[in-house]
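Shown next, in structure tokens, is the structure this report addresses.
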Amino acid sequence: MSASLELPVVDAFAGVPAPPEDPLALMDEIDRLKVEKDATILAHYYVDGEIQDIADVSGDSLQLARAATKVTSGTIVFAGVHFMGESAKILNPEKRVLMPDLLAGCSLADSCPAPALKAFQDNLRAEGRQFETVAYINTTAAVKALCDWIVTSGNAREIIERVPADKEILFVPDQHLGRYLMEVTGRPMILWPGSCMVHEVFSIQDLLRAKRNNPKAVVIAHPECPRNVLEHADVIGGTEKMKKHVSAIAEPTTFLVATEANMIHPLHKAAPQHTFIPVPGIMTSTGETCACNRCPHMARNTLQKVRDCLRDGRPEITWQPYFDDARDVLIRSLLQ
Ligand code: SF4
């Protein structure tokens, strides 16, 4: 037979995505692997509800960072986005921190790259400005290492009050949260022009229409939303404040929720007597409401990937040289 007749073997199924697995079977497998691999699963409120349900702890960034320091198992699986896995590793250097998908990033963290922040700080210093840099927790560890303080939407006011009154504040990376904090604390700030792709696209028209259709509804909005959304909110707060607020109301109430749509899951679990309506994202050019209120980065976390990373022991967040500086700032800001 001539060589030209030896046809290459073609895998007819190459590139064809595997069919979805049964979620209940996956949950059972995850429960078994958690024990076998001595692992604890932490899940952010913005990942799918089924992942929150199999997690040992679900919460906002602050709760999860604090929970990470109390984990007794040798492995942490962090279902969230990359900067959260970094924070868990930084606060637990001796533990193995796995993530279902290392590519789960954050548009807000990406809007403030460390070299750009360093150059901006150097310019301010060259001008003789006396300032401290306050970073929202949604930043990379390399950025945290350049900052004096880290805040979450849950502790921001308290931390801002710790910045000496004779210092200016450079707030990074979320301009909307920074503007809101300027208003509630009365402290002027130099704002980095970053924003979150999810919170920036709520449709004000749809919010007003939803308010008209539900005249008794209470609007709750995350402070990462732009001012035009916050102006129509009855309650402004991070995810934990939202949960506390709805839990404190016994009377069945309709809430219009302006934050990542998966947040409805823990709100409904905490206060099932209420109706929660997600505020939609902006209209697309075809007139349809887009799914912009779902974070595409958080959506990279799936039950299947949680199972895979537990089973395979990867991908893992590994220690980086700048984690040492980031650790000092995180501990000072979140744990003291
Ligand atoms: S919702 Fe926004 S801030 Fe949160 S992880 Fe997604 S892109 Fe980042």
Cα convex hull of the stretch 109-196, projected area averaged across orientations, nm²: 5.1
In the stretch 111-267, lysine pairs with alpha-carbon atoms under 21 angstrom apart (chain gap of 8 or more, or interchain): 7
query: By count of other Cβ within 10 Å, fewest leading, how are T253, T140, T259 ordered?
result: T253, T140, T259
statement: Checking the stretch 57-165 for GluC sites (Glu not before Pro) in a loop per DSSP with at most 15 other beta-carbon atoms within 10 Å yields E94, E127, E161
- line: For the pair L124 and Q273, the simple spin-label estimate (label points 7 Å beyond Cα toward Cβ) gives in nm 4.6
statement: Taking trypsin sites (Lys or Arg not before Pro) as exposed when in a DSSP loop with at most 15 other Cβ atoms inside 10 Å, the chain has its longest clean stretch at 217-336
message: Could you compute how fast the chain diffuses translationally, taking Rh as the Kirkwood radius over C-alpha pairs and applying Stokes-Einstein at 25 °C with viscosity 0.890 mPa s? Give it in µm² per second.
response: 114
query: Rounded to the nearest 20 Debye, what is the dipole magnitude of the chain about its Cα centre when Lys and Arg each give +1 and Asp and Glu each give -1 at the C-beta?
result: 820
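Each value in this text was obtained by applying a stated rule to the coordinates, not by laboratory testing. The shown structure was predicted, so the numbers you read here are calculated from the model rather than taken from an experiment. Ideal geometry is used to build each Cβ from the backbone, glycine not excepted, and the neighbour counts take in all protein chains shown.
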